[in-house]
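Structure record follows, encoded as structure tokens.
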Amino acid sequence: MPTALIIGGGVAGPAAALFLQSAGWAVEIFEARSAPDAFGGLFLNVATNGLAVLETLGLRDRLLADGHLSPYMEIWSGRGRKLGTVPNGPAGEPARGSVVVRREWLNSVLREATDAAGIRFRWDARLERIEQSDAGVTAYLADGTSATGDILIGCDGIGSPTRRWIDPAAPDPDYSGLLSIGGFARVDGLAPTPLTQHMVFGARGFFGYLVRDDGTVYWFANPARAEIDRDEIRAVPDEAWLDELRTMHADDPYPVPQILDAATGAVGVYGIYELPHVPHWHRGRVVTVGDAVHATSPSAGQGASLALEDAAVLAMCLRDEPDHERAFARYESIRRRRAEEVVAYARAISRQKTVTSSKFAVIVRDALLPLFLRGAMRDTRNNHLYNHVVATEGRPLGD
Ligand SMILES: Cc1cc2nc3c(=O)[nH]c(=O)nc-3n(C[C@H](O)[C@H](O)[C@H](O)COP(=O)(O)OP(=O)(O)OC[C@H]3O[C@@H](n4cnc5c(N)ncnc54)[C@H](O)[C@@H]3O)c2cc1C
């Protein structure tokens, strides 16, 4: 039985492991972190296309058990004017719309499935170095151990050492000019927002929220900011981030200031980075998947869904092609164009969020935004981006 070493136990890693195992591979997952982190990464949108992949794995319902079904997004201006409602999934089919979940819930649903399938998931297993030969590929880990397999799949996220090994000149991620700051809150009297996320293009920054049936608010803000590194981010106390956001959103409509006033406890702060084009996706026995090779700004809510799609397609190619070289080439040929389109689309949305420089620019943005949104939804892009089903690209896995 051929063996795959899977580096990274986030979204793409466990999904790739499950698909590959069903395609007849022995797999093992190596994750750098020491343990799950219930708060880390806050929450994310799993779009219809990602849910379709989870359905293939039999995990869609499990994910939905802790999700907020969100087939619609209401878009608001900073003056409280509704700019439009856009579908976040197939129009007219709310039950198939996107779902917002805590990131750790998505990770744990996938991990539970790998555990149930008997797949070894190693924590504290940070990849440091890769060596390949005609006979195989070896992953050397920070704890001094190593593992050898037939192929190595880099599902190691935006900072991917695997991408760098494939091509030492691979691009670094581009900073989008935005931070993502988010957390959880409860606001007295704030009604749940069933089936809906709210997006507010505020006068001085973008703000998104939803209210679950139990009253828990999931919120995030995207302040435009010069790049700061992780250590600088960590050096700023959570209350100072909240104060900055309270000032920035003070004039925004209800319930934005109220959510920020009610937000207590930890906040998550992330720089938003993108990888619009990575020239080499694979070399020899090593291939990259997910954020490692096409990280996208969260503005389109597609990063995790793309990672899930990649995992399914890669496994399909490894199952159907006679050797890994041809499988990797076919995987790239199926995936590159779509992934780069999504990254570019998300980038276009992010640009709208950075328009906060002057009152005039905000007025123009708010006037044009409904047209932009209508255009984006009227053409086939919404269907193409969000309602894509990877299994149609070849024989469904599991045949
Ligand atoms: C603030 C924010 C909000 C987001 N919102 C959304 C959203 O709403 N919808 C959406 O779809 N996407 C969203 N994303 C993007 C989404 O999180 C990613 O696209 C998705 O997690 C990609 O999955 P992945 O498996 O490729 O990478 P990851 O989930 O990042 O997993 C990579 C894993 O590799 C591990 N790793 C790294 N280096 C090593 C190493 N050397 N050895 C071993 N393991 C290693 C990491 O610890 C990690 O567990 C958001 C991202 C951010 C930052």
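The values are calculated or read from the model by the stated rules, or taken from the named source; none is laboratory data. Computed from a prediction, not measured in an experiment: that's the story for all the values here. Positions of Cβ are generated from backbone atoms using ideal geometry, with glycine treated the same way; all protein chains shown enter the neighbour counts. SASA here: full protein model, heavy atoms, side chains in, ligands and nucleic acids out. Shrake-Rupley method; radii C 1.70, N 1.55, O 1.52, S 1.80 Å.
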Result for the stretch 51-164: accessible area per residue, probe 1.4 angstrom, in square angstrom, of 44
Share (percent) of C-alpha pair distances in the chain greater than 42 Å works out to 11
Rounded to whole angstrom, the alpha-carbon centroid of the stretch 273-312 lies from that of the stretch 40-69 at a distance of 18
Of every hundred units of 1.4 Å-probe accessible area on the stretch 30-111, the number belonging to carbon and sulfur atoms, as a percent, is 52
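In whole percent, and with a 1.4 Å probe on the protein chains, what portion of the accessible area of the stretch 215-303 is carbon and sulfur?
The C+S portion of the solvent-accessible surface of the stretch 215-303 is 53 percent.
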Here the convex hull volume per residue of the stretch 248-319, taken over Cα atoms and given in Å³, is 148
proj_area_mean for the stretch 102-150 (convex hull on C-alpha atoms), units nm², value 4.4
Semi-axes of the stretch 161-295 from the Cα gyration tensor (sqrt of 5 times each eigenvalue, largest first, whole Å) come to 35, 17, 13
With T = 20 °C, eta = 1.002 mPa s and Kirkwood Rh from C-alpha pairs, the Stokes-Einstein D of the stretch 106-193 in µm²/s is about 126
Using a 1.4 Å probe on heavy atoms of the protein chains only, the accessible area for Y273 in Å², nearest 10, reads 60
Here the tail fraction of P(r) beyond 22 Å, over all Cα-Cα pairs of the stretch 9-167, rounds in percent to 51
Hydrodynamic calc, the stretch 207-262: Kirkwood Rh from Cα pairs, then Stokes-Einstein at 37 °C with viscosity 0.692 mPa s, so D in µm² s⁻¹ is 261
Taking a label point 7 Å from the Cα of E239 along Cα-to-Cβ, the residues of the stretch 260-279 whose backbone nitrogen sits under 15 Å from it are 261-267
Probe 1.4 Å, all chains present, heavy atoms only: L141 accessible area in Å², nearest 10, is 10
